[in-house]
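Below is one structure, written out as structure tokens; the observations come after it.
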Amino acid sequence: MLRIAVQKSGRLQEKSLALLNECGLGIDGGRNELKALARNFPAEILFLRDDDIPQYIEDGVADLGILGENVVLEKKKQQTVIERLGFAKCRLSIAVPKGIDYAGVEWLQGKKIATSYSRVVQDFLNRNNISAEIHEISGSVEIAPGIGLADAICDIVSTGGTLLSNGLKEVEEVIKSEAVLVANNNLSAEKELLIEKLLFRIKAVNKARNNKYILLNAPNDKLEQIIGVLPGMKSPTVMPLAMEGWSSVHSVLAEEDFWEIIHQLKANGAQGILVIPIEKMIL
Ligand code: ATP
Ligand code: ZN
């Protein structure tokens, strides 16, 4: 039985459970409970505060956890990141009051920085040979400069809207973060096998999310150019249409190349292009 720690409530919870469900674990409800049993997999879900997950994994109370990499880097516990999950993308950045004439990282020398991420900030300062005073506070970090508690802050930024409304500007990106899957370092062979099985499913789900199935009609005299543009899993499927001189072409496209390839397909005479999401992708 695998014990998987998931955030009890907050930004990570919904997507973490959605991912596990897409991997066939079958977890329902649980929002107000401490634990839930997966219906189709030997796993138990533990609902915890994200900050507590690293300790639970180090202690072996949980075998696996889903949490922000920012928290993993801050807590520095004995454990291993085994997969990046691609959601909850954000960055930890240093921000200063808008009016400051900030010329570079030396500006921080001798200043006070308020943050909930003192380890991560200290590592950043060390890398840049800066000594500054770190004030650890647990919430509402962005108001610290305004009330005279600090000269600068380091906090999570996704769009920058919160900074702006507090009269701050982002000046240094300290780390990038996304949700990650973390595992205990000393698992039994039986648990390792279960993790391998789960990882296989997670990769299939994430791969599918990053790819699209594409169908299009191609005039036979342009078929070669059109196929040349398409990557496909092995090679595209080509089937004759009822209409003389035309074929239907099916293939798989990576989300990141998507628009570029669509333009090239159109330029090469493709018509009736349909793009369909893929649910699972196993190579
Ligand atoms: P808890 O009660 O579990 O301690 P929390 O308040 O620490 O929750 P959340 O605000 O739910 O945490 O954020 C959880 C994680 O989501 C963060 O550690 C970070 O990795 C990521 N995150 C936070 N803010 C954002 C954002 N604006 N955009 C994207 N990801 C974010
Ligand atoms: Zn937290």
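So that you can scan it fast, the table gives a plain yes or no per residue for (1) of a type outside the set (S, T, N, Q); (2) surrounded by fewer than 17 Cβ atoms within 10 Å (Cβ to Cβ):
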{"site": "ASP59", "(1), (2)": "yes, yes"}
{"site": "LEU85", "(1), (2)": "yes, no"}
{"site": "ALA88", "(1), (2)": "yes, no"}
{"site": "ILE94", "(1), (2)": "yes, no"}
{"site": "ALA103", "(1), (2)": "yes, yes"}
{"site": "GLN109", "(1), (2)": "no, yes"}
{"site": "THR115", "(1), (2)": "no, no"}
{"site": "PHE124", "(1), (2)": "yes, no"}
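Do any helices (runs of 4 or more DSSP H) entirely within the stretch 44-131 hold 2 or more residues that are among the charged types (D, E, K, R), and if so, which? Before you say what the answer is, go through the steps one by one.
Values: elements: 53-58, 69-75, 118-127.
Output list reads 69-75, 118-127.
Counting only residues that are more than 21 Å from VAL249 (Cα to Cα) and not acidic (Asp, Glu), give me the strands (runs of 3 or more DSSP E) lying completely in the stretch 151-230 with at least 1 of them.
152-157, 168-177, 179-183
Those residues that are loosely packed, with under 14 Cβ neighbours inside 10 Å and touching a residue at least 24 places away in the same chain (Cβ under 8 Å), I need them from the stretch 242-256; list them, please.
Listed by number, the residues that qualify are GLY245, ALA254, GLU255, GLU256.
What are the residues in the stretch 27-64 that are of a type in the set (Gly, Ala, Ser) and either within 16 Å of ligand 2 (Cβ to nearest atom) or out of contact with any strand residue (DSSP E or B) (no Cβ under 8 Å at 6 or more places or on another chain) (or both), if any?
GLY60, ALA62
Which condition from (1) in contact with a strand residue (DSSP E or B) (Cβ under 6 Å, 6 or more places away or on another chain); (2) more than 15 Å from ligand 1 (Cβ to nearest atom); (3) not basic (Lys, Arg) is the one that GLY99 breaks?
So the condition that GLY99 fails would be (1).
List pairs: first residue in the stretch 66-90 and on the phi < 0 side of the Ramachandran plot, second residue part of a loop (DSSP other than H, G, I, E, B) and within 13 Å of ligand 2 (Cβ to nearest atom) anywhere in the structure, Cβ distance under 7 angstrom, at least six positions apart or on different chains.
Matching pairs, first to second residue: ILE66/LEU12; LEU67/LEU12; GLY68/LEU12; GLY68/ALA88; ASN70/TYR117; GLU74/TYR117.
Bear in mind these aren't lab numbers, they're just calculated from the coordinates by the rules spelled out. Quick caveat, the model's predicted, so the values are computed rather than measured. FYI the Cβ positions are ideal-geometry reconstructions off the backbone, even for glycines, and counts take in every protein chain you see.
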